1. Working only within the range 40-54, note down all residues that are open to solvent by 10 Å² or more (accessible area, probe 1.4 Å) and under 22 Å from Ile153 (Cβ atoms).
2. Kindly indicate whether any position in the range 20-33 is loosely packed, with under 14 Cβ neighbours inside 10 Å, out of contact with any Gly (no Cβ under 7 Å at 6 or more places or on another chain) and farther than 22 Å from Gly134 by Cα.
3. Are there any pairs with C-beta distances below 9 angstrom linking a residue in the range 109-128 that is free of Cβ contacts under 8 Å to residues at least 60 places away in the same chain to a residue that is open to solvent by 50 Å² or more (accessible area, probe 1.4 Å) and in a loop (DSSP other than H, G, I, E, B), with the two at least 6 apart or on different chains, and if so which?
4. Across the range 18-37, which residue is modelled with the highest pLDDT among those that are aliphatic (A, V, I, L, M) and in a helix (DSSP H, G or I)?
Amino acid sequence: MENLIQQIEKDLKNNKLELHSEPFFAFFNDESNIIRDPHICHAVLFFNKALQILDKEPEAEEREEHVLTGDYFFSQFYKILAAHNEYKVINDVSGISKAITSKKSAYAEIPENPSPEELQHLLFAPLLYLVDNGYAQDSLLSLISRYIEEIDIKKLPYITKSTGDDNG
């Protein structure tokens, strides 16, 4: 994982990512947290990171880099899994993404915000897939729960209907 992080930082030249300090990258950098198929864990982590990036609304001057960074993480997901002929995982995670995107869109249309449990699913369904399918240790669930407890939901405009200007 450390080599992948270094490659990402080199490719993107984006110092704002700070992947070394991100708890999910640290989790998967510890091989004891991976039950099997590290390449699948890493690829799905990249997919989830892309979704997290795109859930946040960037400043206007950062929009292009923001979208390109998300696209880069998506491409790494497909590149890694295709190289290992893991097409079932690609299909599974793509289906998960479609489902959560529909749910996020639905929340944007109603006045209620998701419950913490629903927010966990909306933000981390790909990583939950890793636990549910025996790729990652279930201690990942505790990490996700801590993240949900600390997140400022107002910074997720595609879920909370906010526009980044604190009026929504």
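The values are calculated or read from the model by the stated rules, or taken from the named source; none is laboratory data. Note that the structure is a prediction, hence the values are computed from the model and not measured. Positions of Cβ are generated from backbone atoms using ideal geometry, with glycine treated the same way; all protein chains shown enter the neighbour counts. To get the accessible areas, we keep the full protein, side chains included, count just its heavy atoms, and leave off ligands, DNA and RNA. Shrake-Rupley method; radii C 1.70, N 1.55, O 1.52, S 1.80 Å.
1. Lys49, Leu51, Gln52, Ile53, Leu54
2. Yes: one or more hits.
3. Sorted first by the residue in the range 109-128, then by its partner, the pairs are Glu109/Lys161; Ile110/Lys161; Pro111/Lys161; Asn113/Lys161; Leu119/Asn113.
4. Top of the filtered list is Ala26.
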